[in-house]
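The values are calculated or read from the model by the stated rules, or taken from the named source; none is laboratory data. Only a predicted model underlies this, so the values are computations on that prediction, with no experimental measurement involved. Because the Cβ atoms are built from the backbone with ideal geometry, glycine has one as well, and the counts that use them run over all protein chains shown.
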Amino acid sequence: MSEATLERGLNAFREQIDAPVAAFFSSCVSCGMCAEACLFYTETNDPKYTPIRKLEPLRRVWEQEYTISGKIKKALGFARPVTDAMLVEWRELLYDSCTMCARCSMVCPVGNDIAYMVRKAREGMAASGNAPADVISAAGRAVKIGSPMGIKYKALEAQIKHIEADSGEKIPVDVEGADYMALLSSMEVINFPEYIQSLAKIFKQAGVSWTLCSEAFEATNTGIQIGSSDIARQLVQRIVDGAEKLKVKYVIAPECGHAYTSIRWDGPNLIGRPYNFRVLHILELLDELRASGKIRTENLSDERMTFHDPCSIARKGGVIESPRRLMDMVSTNFVEMKDHGKWNWCCGGGGGVSANTDAEELRLKAFRRKKEQIAETGAELLVTACANCRLVIEEGLEEYNVEMPMEGLTELVAQHLVVDENVEA
Amino acid sequence: MNESMDFLLWARGTAFDVAVAIFVIGVIIRLFEIVSLGRANNLAEPKGSEFGPGMKTIVTRTLPEAGVFKRQPLTVIGGYVFHFGLLISLFLFIPHIELFAATFGFSWPGLPNPIVDAAAVLGIVGLLAVLWHRLTNPVMKILTEKEDYLVWLLTFLPLLTGYLAYHRLVNPYPFILGLHILSVELLLVLFPFTKLMHTFTLFLARWYNGAMNGRRGVES
C-alpha cells in the first residue's frame, strides 16, 4: 500500500471489471430504487448515499475504456476523467456509508449486484490511497501481529486459562488430526470469551473432536473490508496453513459476519485453489448437531426473543434457516423482525464501517433503522450471531438510551444444553 | 404532397434498412463487449447451483419488493405503465406486425386498434409521469445525466408521432408517418450505444445476480 497513486487505483479498477460488472452498468436506468433499500439513505434522506452512485468512479472507467460509445466520447473529449479529487470525495460514499450489506443488490429491478461492485471499487480506492486510515492501521496489525485489534496468541492463551479455571472445560489447542478447527474473532477473545467456553461445552457434549490453532485463530479479514486482495490473501493463507498443518477436516467460522464471507466464499479465490478442508459457519454446525440428535436443549425460555441476521451470514451467506431452528431450541417465544433473513436491515457497522471513526456519526444515524426494527418486535432479548453486529447494536442502543440485553446464539444454545455427565471429554 | 411522399419512401426504404442494420450489429457488438469480459472461475465450494437461480431471478425481479414499492410507488407504477404501453403499441399493433412480417418473415396475432390506441395513450402518460418524477425526485435528480433525457426522448417520440399519425392529427399524412418512422430509426440507431441497451442486458444482469447468490444458497 506504500506507493498508492491514482494510476494504481485506476489499474485496480480495470482489473476488477468483468462481465457481471459490465452487464450491471449497462443495465442501470438511474431509477433510484436502490436508495430505498439502503439504510444510509432511508435514515438521512440524503440522495448522495444512493447505492449505485457510490460506484461512479468504477462506472466511468468501465464506460470510457470498455464500451464503444464511451471510447468514442473519450476520443471526442466528452469524457469526465476519474481524478484524485473525485476519489477523495468518494471515500465517504464507498467506505463510511456502505457496509456492503447487499440489500440494494436484492431490490434492483434490472438485477444489479451493487454490493459486489462496491467490494470491487474498494480495490481501486485502496490502491489509490483512499481507504480509511483506521481500517488501514487495523489491516497493518492483522498482518504484523495476527489480529486487527492487535491481540497476540498470548492474550488468547490467558483467556483460555481463565475459562478453563472458571468452567472446568478443556479448550484444545494445536491438536493435530482433530476434525474441526475453530476460528475466533478478536472481539470474541476480548469482549465475548463466553463464546469459546460455549464451544467447549457444546463440543464436549456432542463428542466433537476440535481444536484451536495458536498460529491461526483470528478469522476476521481487514483486507476484504478495505479492498485489498493482497492483504486478504495473506490473512486467509494463515488460516489455510494452520488448518493444513493440523490436518483438520473442517474449519468453523465464528460468530462474525465478514469472517464467514472471507474464509467461506472469498478465501479459495484469493489463494487461487480450492481448500482441502470444508468451511462451516458455527450455526450450520450447531444445526447439524441438532438434526443428528447430538445436542439437545432444556428449560426453554419464554422470554420474548428476536434474532438479528448478520448480513454476511444470511443475505450474503445463505445461513438463514439454521439460526431459526436454533432459536426454537432455546426459546418458546421467538419472534421475527418484520424484515428478516435475506431481507434484514444491517446494523450499520459491517464492511469495516464500525472500525472507521470517520463514519461514526453517520453510522449512529443509520442505526435508527435497526432500532425501530427491534422496537417493533417488542422483544426482551436480542440474539445475534456476529460479535461486530453485537457491539455495534449495543453501542447504538446505548446512544438512543434503549435498554435491551443481547446474547450470542451459540452462548444461548450452550446455556440451555442438556449436559450428560457421563460424556467423556 | 409529393415531397412528403418522397420523404416517407426514403424513411421507409434506405433509412430504415440502415437503421435496422446499425441496431442489429450494434446490439451484437455491445453484448459481445460485455460477455467477452468473462468472469473468474469461482473456487469456493458452492452451496447451491447457478443456472436455475439465475433463470429464476430473471423472472422474479420483474416484481418489486414490498418495502421499496411502498417508499417509491410512482417509480414502479410509472415504469410498468409506460413499458406495457410501449410494448403493446410496438408489438401488438397490426400494421407493426405486418412490418415485422415483411422484414423478418414471421408474424403473430395483434390487438384491435382501439386497445392499442389506449395502450399508446397510457405509454405517453406513463412516460410523462416518469419524466416529471425524474425532474422532482431528489434521488433520481442526483443520478440523472443528459443521456437519461436523451433516451427518454428517443422513447417518447415514436409514441407521440405514432399517435399523431394514427389519428391523422398532422397533415399531410405521409409526412407525419415518415416522421414516425424516422423517430423509430433514431431510436434504433442510438439504441446500442445508450442505456436503451438495458432492454437486453437486464437479462444478463439478473442472471448474474441470481446465479452468484444462488451459488451461496440465497434466492435473490
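What to note about this one:
- For A:F334, the conditions (1) in contact (Cβ under 8 Å) with a residue 12 or more places away in the chain; (2) within 14 Å of another protein chain (Cβ to nearest Cβ) all hold with the exception of (2).
- Selected residue (criterion: farthest from the other protein chains (Cβ to nearest Cβ)) from residues of region A:47-69 that are modelled with pLDDT of 95 or more and over 30 Å from A:C311 (Cα atoms): A:Q64
- Checklist (1) assigned to a helix (DSSP H, G or I); (2) touching a Phe, Trp or Tyr at 6+ places or on another chain (Cβ under 9 Å); (3) within 14 Å of chain A (Cβ to nearest Cβ) applied to B:L8, failing item: (3)
- Pick from region B:125-139, criterion more than 17 Å from B:L196 (Cα to Cα) and of a type in the set (A, V, I, L, M, F, W, C), ranking: nearest to the other protein chains (Cβ to nearest Cβ): B:V139
- Filtered by the rule that a residue be surrounded by fewer than 22 Cβ atoms within 10 Å (Cβ to Cβ), outside any helix (DSSP H, G or I) and at the interface with chain A (Cβ under 8 Å from one of its Cβ atoms), region B:163-220 gives B:T194, B:R216, B:G217, B:E219.
- Yes/no for B:V35 being among the hydrophobic types (A, V, I, L, M, F, W, C) and either exposed (fewer than 13 other Cβ atoms within 10 Å of the Cβ) or farther than 30 Å from A:P274 by Cα (or both): no
- Residues satisfying the stated conditions in region A:72-112, i.e. outside any helix (DSSP H, G or I) and of a type in the set (A, V, I, L, M): A:L76, A:A79, A:V82, A:M100, A:A102, A:V110
- For A:Y195: the one exception among (1) outside any loop (DSSP other than H, G, I, E, B); (2) buried (at least 19 other Cβ atoms within 10 Å of the Cβ); (3) of a type in the set (S, T, Y); (4) at pLDDT below 95: (4)
- Condition check for A:E65 on (1) without any contact (Cβ under 8 Å) to a residue 12 or more places away in the chain; (2) in a helix (DSSP H, G or I): one failure, at (1).
- Meeting the requirement of 2 or more residues that are within 10 Å of chain A (Cβ to nearest Cβ), the helices (runs of 4 or more DSSP H) wholly within region B:17-114 are B:51-60, B:66-71, B:73-92.
- Residue satisfying condition, being more than 17 Å from the chain's Cα centre (by Cα) and either crowded, with 24+ Cβ neighbours inside 10 Å or modelled with pLDDT under 95 (or both), within set A:T297, A:T306: A:T306
- Of all the numbered requirements in (1) in contact (Cβ under 8 Å) with a residue 24 or more places away in the chain; (2) in contact with a strand residue (DSSP E or B) (Cβ under 8 Å, 6 or more places away or on another chain), A:Q159 misses one, and that requirement is (2).
- Among (1) among the aliphatic types (A, V, I, L, M); (2) within 14 Å of chain B (Cβ to nearest Cβ); (3) crowded, with 19+ Cβ neighbours inside 10 Å - the single one A:A219 does not satisfy: (2)
- Pair list, Cβ < 8 Å and 6+ apart or interchain, from region B:10-38 residues that are of a type in the set (D, E) to residues that are assigned to a helix (DSSP H, G or I): B:E33/A:A22; B:E33/A:Y66; B:E33/A:I68
- Pairs, first closer than 13 Å to A:V118 by Cβ and more than 7 Å from every other protein chain (Cβ to nearest Cβ) in region A:21-46, second among the β-branched types (V, I, T) and not in a helix (DSSP H, G or I), C-beta under 8 Å, six or more apart: A:C34/A:T50; A:C38/A:T50
- Residue check for A:A121: part of a helix (DSSP H, G or I), over 17 Å from the mean Cα position of the chain (by Cα), more than 16 Å from A:A37 (Cβ to Cβ) and not basic (K, R): yes
- Residue check, A:D18 over 30 Å from B:P73 (Cβ atoms), among the charged types (D, E, K, R) and either within 24 Å of the chain's Cα centre (by Cα) or facing chain B (nearest Cβ under 7 Å) (or both): yes
- Restricting attention to region A:143-192, the residues being within 20 Å of the chain's Cα centre (by Cα), of a type in the set (G, A, S) and at pLDDT 90 or above number 2.
- Verdict on B:L135 being surrounded by fewer than 19 Cβ atoms within 10 Å (Cβ to Cβ) and either in a helix (DSSP H, G or I) or under 17 Å from the mean Cα position of the chain (by Cα) (or both): yes
- Qualifying residue in region A:239-247 (condition: among the charged types (D, E, K, R), surrounded by fewer than 24 Cβ atoms within 10 Å (Cβ to Cβ) and at positive phi): yes
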